[in-house]
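Notes for the one structure printed next.
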Amino acid sequence: MAGKKWRRAVVLGGSMAGLLVARVLSEVYDEVIVVDRDELADLPGHRRGVPQGRHVHGLLARGQQIAEELFPGITAELVASGAVTGDMTGNVRWIMDGEPMGDSHSGLLTVSADRPTLERHVRARVRALANVRFQDRCEATGLRFSPDGGRVTGVRTVDGAGRGTTVDADMVVDTMGRGSRTGRWLTEAGWSVAEEERTRIGLVYTTRPYRLAADPSPGDFSLDIVATADNPRGGICARVDGDRHLVTAYGILGDVPPTDPEGFLTFLKSLPSPEIYEAVTEGEPLDDAVSHRFPTSLRRRYERLEGFPAGLLIAGDAVCSFNPTYGQGMTVAALSALVLRAHIAGDGLPDPLSYFRDLARDAVDEAWQQALVNDLGFPGVEGPRTPEVLEVQDYIGRLLTVARENSEVMAAYARVISLTEPFRTLRAPQVRQALDLFPQVRA
């Protein structure tokens with residue numbers, strides 16, 4: 001591709017964030033190497049490095065838009081392989097506290113697919129790029145620094161046979177997820193560690209695939225019974241391929257959905273709306289149920305550091321890992337790729353602190369604040385309930401009451417949680433006017 005001015009970039013981690021990063025780096029670097037400890041064969045099936053891969057996944061509307069920009073035609077390609085698309089509000093049934101939300105078409109396209117299908121197609125697109133290669137079954141064990149310690153110049157790796165080597169790099173991007181060891185490597189090299197913010201939610205979600213004769217909500221590809229403060233158990237039934245559905249039950253703060261068949265059904269029956277339970281009792285289980293634990297949401301505040309080595313950037317869950325029930329992770333990774341693209345387009349190596357500030361503002365802040373406000377709505381979740389948080393919680397509560405009857409308000413809310421518009425749009429005059437028409441929810 002014309003315009004390349006740097007020789008080599010190395011991406012640590014070959015999951016969705018790493019694939020999106022590799023795609024934008026390929027526009028500037030002569031060679032991009034993606035390092036991952038798993039075998040990244042483009043075959044169906046789950047892989048060890050994605051323990052949450054058996055559970056419901058989806059691209060929010062903004063994520064789908066970015067994926068289509070980076071990989072033209074990818075949505076149609078996914079649909080051809082069995083993925084399901086539909087309108088965020090017109091084809092997804094939202095139920096809160098037993099009450100369905102307003103049903104209308106928002107114009108927001110969302111993609112429902114199992115994780116292996118989604119990742120396999122994106123990886124195939126990245127693998128087809130002439131200047132990208134994968135170094136799988138290979139683990140990053142450290143960074144190499146310049147003699148003065150001010151710049152990262154390579155990555156130390158060990159392959160599956162135990163052979164160690166150092167890969168030279170003009171740029172290294174860490175997308176190794178929340179378990180990233182980059183912080184430790186930086187500390188060992190004398191750099192300050194990023195401040196961490198954690199919200200303990202004690203989330204456990206259990207998923208079982210079913211073949212269902214019909215969607216539990218006719219005309220909708222997903223039924224989401226959303227956990228609330230009054231009803232802190234939730235469930236999702238999402239069609240991902242033909243008549244195959246992934247059914248997920250989730251609880252917080254130690255409320256664990258069982259994996260045994262009877263216990264799983266009992267948990268589904270306890271949800272504040274019966275549709276998912278009734279559908280699966282008539283369905284055919286396709287595999288055993290599996291659970292995944294997500295103890296805390298985590299944000300590393302790299303944008304607050306006063307110094308950071310050149311030649312190293314961080315993206316994806318290695319920066320911020322969200323409560324997965326909100327479905328934000330892959331879309332924030334896509335937004336992060338656009339931030340990276342803007343910073344590598346200039347002359348010289350990108351300034352890491354400028355990158356981290358823009359990453360926070362343009363990719364992370366909005367999603368993190370949404371997740372934090374929602375998580376703190378559960379009384380048992382610890383965290384600072386500032387006057388600002390309490391005001392937003394009150395406003396959203398009133399807005400969702402109206403959204404049960406007003407489809408336009410629901411569509412406005414969907415645009416915000418799909419990360420296509422910022423939260424401030426929910427305070428637009430037309431939305432406030434809709435709230436004022438419902439005296440029982442006036443401030």
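No lab work stands behind these numbers, since they all come straight from the coordinates. Note that the structure is predicted; figures quoted are calculated from it, not measured. Please note: Cβ atoms are built from the backbone with ideal geometry, for glycine as well, and neighbour counts cover all protein chains shown.
Angle of helix 115-127 to the longest C-alpha principal axis of the chain, folded into 0 to 90 degrees and rounded to 10: 30°. Go through Val132, Pro285, Gly263 and say which Cα lies farthest out towards the positive end of the charge dipole of the chain; charges sit on Cβ, +1 for Lys and Arg, -1 for Asp and Glu. Value: Val132.
The label point for Phe423 and the one for Glu306, both projected 7 Å from the Cα toward the Cβ, are 3.0 nm apart. Among Glu99, Glu262, Glu421, the residue with the largest mean-square fluctuation in a Gaussian network model of the chain, with springs joining Cα atoms closer than 10 Å, is Glu262. To the nearest 0.05, how large is the calculated FRET efficiency for Thr165 and Asp394 if R₀ is 41 Å and r is the Cβ-Cβ distance? With a Förster radius of 41 Å, E is 0.15. Sorting 270-280, 69-79, 219-229, 327-337 by their mean Cβ neighbour count within 10 Å, with the most densely packed peptide first, gives 327-337, 219-229, 270-280, 69-79. With both labels modelled 7 Å from their Cα along Cα-to-Cβ, the Ser354 to Gln430 distance reads 3.8 nm. Averaging 1/r across all pairs of distinct Cα atoms in region 387-441 and inverting the result yields a Kirkwood radius of 11.2 Å. Remark on Thr153: its backbone amide H falls under 5 Å from those of Arg144, Phe145, Ser146, a criterion applied only to residues 5 or more positions apart or on other chains, H modelled at 1.01 Å from N. As a proxy for reagent exposure, Met410, Met16 were ordered by neighbouring Cβ count within 10 angstrom, fewest first; the result is Met410, Met16. Fully extending the segment from Thr266 to Asp97 would add 59.0 nm, taking 0.36 nm per residue of separation and subtracting the current Cα-Cα distance.
Contact order for the chain, expressed relative to its length and based on alpha carbon pairs under 8 Å spaced 6+ residues apart, stands at 19 percent.
Annotation: amide H of Ala227 within the under-5 Å range of Gly235, sequence separation 5 or more or interchain, hydrogens built in the peptide plane. For region 310-348, backbone nitrogen atoms closer than 18 Å to the point 7 Å from Asp30 Cα along Cα-to-C-beta are found at 348. So if I take the centroid of the Cα atoms in region 260-321 and the same for region 346-408, what is the distance between those two points in Å? That distance is 18 Å. For region 387-441, the relative contact order comes to 35 percent (Cα pairs under 8 Å, sequence separation of at least 6). The gain in end-to-end length when the Arg137 to Phe378 segment is fully stretched comes to 82.6 nm, 0.36 nm per residue minus the alpha carbon separation.
For the pair Leu437 and Asp347, label points projected 7 Å from Cα toward Cβ lie 5.6 nm apart.
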